[in-house]
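Here the structure is laid out as structure tokens; the discussion comes afterwards.
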């Protein structure tokens with residue numbers, strides 16, 4: 001029998017520890033924890049997850065110090081550090 005409760009993993013979103021279900025994308029984790037904006041455009045407009053399949057590049061974040069990562073294409077990992085701009 002499978003466990004009906006998802007396994008939660010800890011990570012940091014903009015310096016705050018949160019827990020998400022194992023298998024959650026970074027973009028979904030951001031939305032789940034009320035982070036609707038990932039970055040700002042060159043003109044200063046807020047940007048956030050849009051297509052959820054990696055082609056719009058609106059959900060770019062810094063993951064473990066590596067900038068411009070598409071949050072919708074990366075699964076959360078234990079201890080991951082995600083920074084929005």
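Once the Cα-Cα distance is subtracted from the 0.36 nm per residue extended length, the residue 56 to residue 34 segment shows a gain of 5.9 nm.
Taking the chain as a Gaussian network of alpha-carbon nodes connected by springs under 10 Å, the highest mean-square fluctuation of the residues 36, 45, 73 belongs to 45.
Express in % the proportion of alpha carbon pairs of the chain at distances exceeding 22 Å.
Values: 764 of 3570 pairs.
Everything past 22 Å amounts to 21 percent.
Taking the fewest neighbouring Cβ atoms within 10 Å as the starting point, the ordered list for 58, 17, 77 is 17, 77, 58. Here the translational diffusion coefficient of the stretch 41-85 follows from Stokes-Einstein with Rh set to the Kirkwood radius across Cα pairs; for 25 °C and 0.890 mPa s it amounts to 222 µm²/s.
Read-outs throughout are calculated quantities, based only on the coordinates presented, and are distinct from any laboratory measurement. Since we're looking at a predicted model, the values are computed, not measured. With ideal geometry, Cβ positions are generated from the backbone for all residues, glycine too; neighbour counts draw on all protein chains shown.
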